[in-house]
1. Just one of (1) of a type outside the set (Ser, Thr, Tyr); (2) free of Cβ contacts under 8 Å to residues at least 40 places away in the same chain; (3) within 24 Å of E:ALA301 (Cβ to Cβ) trips up E:GLU374, so point out which.
2. Considering (1) touching a residue at least 12 places away in the same chain (Cβ under 8 Å); (2) at the interface with another protein chain (Cβ under 9 Å from one of its Cβ atoms), say which one D:LEU83 fails and leave the rest.
3. Do the conditions hold for C:ARG59, that is, is it more than 23 Å from the chain's Cα centre (by Cα), facing another protein chain (nearest Cβ under 7 Å), over 30 Å from E:TYR192 (Cα atoms) and at pLDDT below 90?
4. Select from segment E:271-321 the residues that are of a type outside the set (Asp, Glu) and touching a strand residue (DSSP E or B) at 6+ places or on another chain (Cβ under 8 Å) and write down the one among them that is farthest from E:TRP219 (Cα to Cα).
5. Taking the condition touching a residue at least 12 places away in the same chain (Cβ under 8 Å) and within 14 Å of another protein chain (Cβ to nearest Cβ), does E:PRO98 pass?
6. Check B:LEU30, B:LEU37, B:LEU14 and return the single one that is open to solvent by less than 40 Å² (accessible area, probe 1.4 Å), in contact with an Asp or Glu (Cβ under 7 Å, 6 or more places away or on another chain), away from chain D (no Cβ under 14 Å) and of a type in the set (A, V, I, L, M, F, W, C).
7. What about E:ILE118, is it buried (at least 23 other Cβ atoms within 10 Å of the Cβ) and either modelled with pLDDT of 90 or more or not β-branched (Val, Ile, Thr) (or both)?
8. I need the full set of residues from segment D:58-85 which are open to solvent by less than 40 Å² (accessible area, probe 1.4 Å) and among the acidic types (Asp, Glu), in order please.
Amino acid sequence: MSRNIAAFLLVCIGVVMFLAIAELPLYGSPDTPVQNYVAERYIDGALSDTGALNMVASIVIDYRAYDTLIETTVLFTSIIAVFLVLKKGIN
Amino acid sequence: MSPQIIDFLNIIFLGFLVVIAIAVSYVRDLLYAAILLGAYSVTMALIWLLMSAPDLAITEAAAGIGMTTLMIAVISKTGREEE
Amino acid sequence: MGDLINRILQNYPYIFALALFGIGTFTVLTHSNLLKKVIGINIMEGSTYLFFIAAGNIRGGVAPIKDMASQGEVIHVNPLPQALMLTGIVVSVSVTALSLALIMRLYKLYGTVDAREIHQIRNEVRASGNSN
Amino acid sequence: MSDFVLKRVVALLLPFVQMFGLYVIFHGHLSPGGSFSGGIIVGLGMIAFSLVFGLEKGSEKLTERTTTLIESFGTLWYGAMGLVGVLRGSSFLMNKGSGVPLGEPGKLYSGGLILLITLGVGLKVASTMVTLFNALMEEED
Amino acid sequence: MATAISENLPVLLVVMLLSTAYILPVLTRVRRFRLVEIFSILALCLTLVGGAYLAKEVLHNGSFHYQVGGWPAPWGIELVINSLTGLFLITIGFVTIPIMLYASADLVEEVGSRQRAIWFMTLFLLLTAALTGLAVTGDMFNVFVMVEVASIASVAIVSARNDAASVEATFKYLMLATIGSGFVMLGIGFLYILTGNLNMGFIQHELSTTWQNYPTALWMGMSFFMVGFGVKSALFPLHVWLPDAHSTAITPASAMLSSLAIKGYIIALLKVFYMAVGAQIILALPITNILLVLGMVAIIAGALFALAQDELKRRLAFSTVSQVGYIFLGIGLGTVQGLGGSLMHILSHAITKALLFLAAGSIVKYTGESKISEMAGVGYQMPVTVGVFTVGALSMVGIPLFSGFVSKWQLLLGSLQAGNYLAVLVLVLGSLLAAAYLLPVVKVAFFQKPEEKPLYGEAAYVQLVAMLFLAVLIILVGTFPGALLELAQQAARTLLGLEVLL
């Protein structure tokens, strides 16, 4: 029963999704909103701004380093959570 | 490679992803399901390579295999069969 | 109409991404086996990476790594979605780790990894607690 | 017999796996890869050691206390690197303006704080993988 | 040094909480456990001080921006500190300090061992840090990462007791929270594809000219956000995880989750809707109407479910579903009064629900009874605890001079202003139902004689202090809401774009 309801809902959502996908900028074209001034600065300026050849690394650990700090925290959180779930701990 | 070939390969691999995702629902043996998850990650890593994201490819492959390892470790304790 | 279908077909990675998202969510919601649920979560999160990376891709673009040797002009794809999805992968690893730990704990407490059976056992325990 | 072969092969392969993981970590700013992927590879190498040579032997090499310390200090190290910028009178997590030399592009030491941060996070991720595996496999109560 | 701190205060608040959390697990060998607790309470107090300072700055000088790493806005991560930030930071400070104080009394005994207590406190601090980060952030992907830390930490603290009931609830919560995260991530993806930016201000700027080209895609993205944050903040039909999780967790955890964690996601939703997409577009899309309807349904349905429960903590958990409905109703009204009222309700419900859960936890623990019908005469044995519970209940009902009245009055005025008389009716009915499900507890506790002489006494000294602190806070906010109400109104004006973002 719940399986049928879920399938029905997903089909409904799917139809709307097709309409939404048709409105999105075309995949793979070089002049979508995504390839704008933001991406340009990362591609052209990363080497002089951060000194790293790999632009992904320069974004991850320099331009958006704060995100990566929090990402490391996510990992830390999950480790502490696993401890809390599985271990008895010492007194 | 020309963009058309890349598109073609992309579609094949993406179709493969969908097949794996559906297969997970029908496999009764959990070990197979976990291995399918590993295959999912590796296929995805191939797609990242085709979409020129090597960083993501290496991370996805490593993370996927790591998760499959942990999952198999859990399955080894809880049993393989899905009722 | 033909234009609409053409646009949809050109955006094929988004279709696959949303389809995978649907399949993943469906797996999580309908399967009673907890490990299958976790695999569904992984499929779902993988589809969101596909969505982002497809957005940043350019046909004929090269990987966003500067090559000191090459001289010619090359088009690099947008590196930002790739950086974001690295974070996304870490998040899904963390969630998977926590859910596996919870499955181990549930197995120790209930002796099964099936959500329906666990629910049944809980209800029985609650009912017997009431009668006392 | 097969156990013997497995042990020999793994003992032979593991150094290379670890070297590859460290390479991925150290060259994160030059080539694909980085702290997270490299850290997972190193961690998976250690997990393979535990799987083949036994859990006790594995956790002898890396005790729970050590991994907890690495967990905490890997993340603290990141925060401390961020504070360099604050102490220099500029913004949190600043790299270029914080007075750390950026180095020559393309060389191993380039990118200023990027290499240092990658190293700390890579170690942390490796220990995370091992800790996860040990916690899941451990028989408690 | 002082200037370095005050200039970098927004990010340093988050980093200070995070560093405290990083250090805590190393401190397992510290002999005096009390020191560890004081250490973490100190960090929370610093957050309150910093938050109050930021709120004061914002109230006088308007909102300001901070660039992490020194990178200018669309490239780096930008933090935006406005009145919304100030209000939520103060809420965080008000609620976390008493909860931590309360927890310090019997945490070791509740969770099993000292090390587990330290892990619990670590997760508590990480949750606080993530909520602080959500309050200050101005970047879409930063919102996602912070939400992720918050959900993993809040999922984990549910299972702190590690018994059969709580672990099952935890797993359910984790699965639904992760599906919510997936939806949020897809929503961010839609916004990113349409604008090419992650910075909220820039997204708004890009969308303001181009959004007519893709209304369906934008609506799809917005509904993804609504479902994602709706699951996490227990909007009515998506609340299924909440009653189990909040009623089986240990007392400090359920107080924290019910009062703050849920509100953090609402703050994130507000940031996405009003700071990233912009009030004009949101009010033009049929999004706020959906929220209005869902909010009204949630108020009534949550209250009816609460009435049907006999277990005290479950009743309070369903009451949270009902009160979250008030907040969404205010958001759905889309006027300054309504939005200001719902922001005020975030604060007043946070302190009220924290107090109710702490008091209920004490009652359940010391009497050993979890059913309301078996709590006859508790009030004679635990006069202070039941007394503060009464204060909380009156505030929840919305009696004048208690904090709940301030926010509900604002919401009522907002509905009247918008000419929405159905909303007025629902608000009044919700308050009556709140009286119907909370006041019987007080009646049973104070006016029914127990059958046999009970053997229990009052809760621990520290716990009483924590609860009295919250009770005094409720009355203070209810009597002198001036500055806070002004802050909420200013935040509402800022969000609706009526006050120019500085």
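The values are calculated or read from the model by the stated rules, or taken from the named source; none is laboratory data. The structure displayed is predicted, hence computed values, not measured ones. No Cβ is skipped: glycine too gets one built from the backbone with ideal geometry, and neighbour counts run over all protein chains shown. For accessibility, only protein heavy atoms count, side chains too; no ligands or nucleic acids. Shrake-Rupley method; radii C 1.70, N 1.55, O 1.52, S 1.80 Å.
1. (3)
2. (1)
3. It is false that C:ARG59 is more than 23 Å from the chain's Cα centre (by Cα), facing another protein chain (nearest Cβ under 7 Å), over 30 Å from E:TYR192 (Cα atoms) and at pLDDT below 90.
4. Across segment E:271-321, the extreme among qualifying residues is E:LEU312.
5. No.
6. Going through B:LEU30, B:LEU37, B:LEU14 in turn, the sole match is B:LEU30.
7. Against the criterion (buried (at least 23 other Cβ atoms within 10 Å of the Cβ) and either modelled with pLDDT of 90 or more or not β-branched (Val, Ile, Thr) (or both)), E:ILE118 qualifies.
8. Selection gives D:GLU71 alone.
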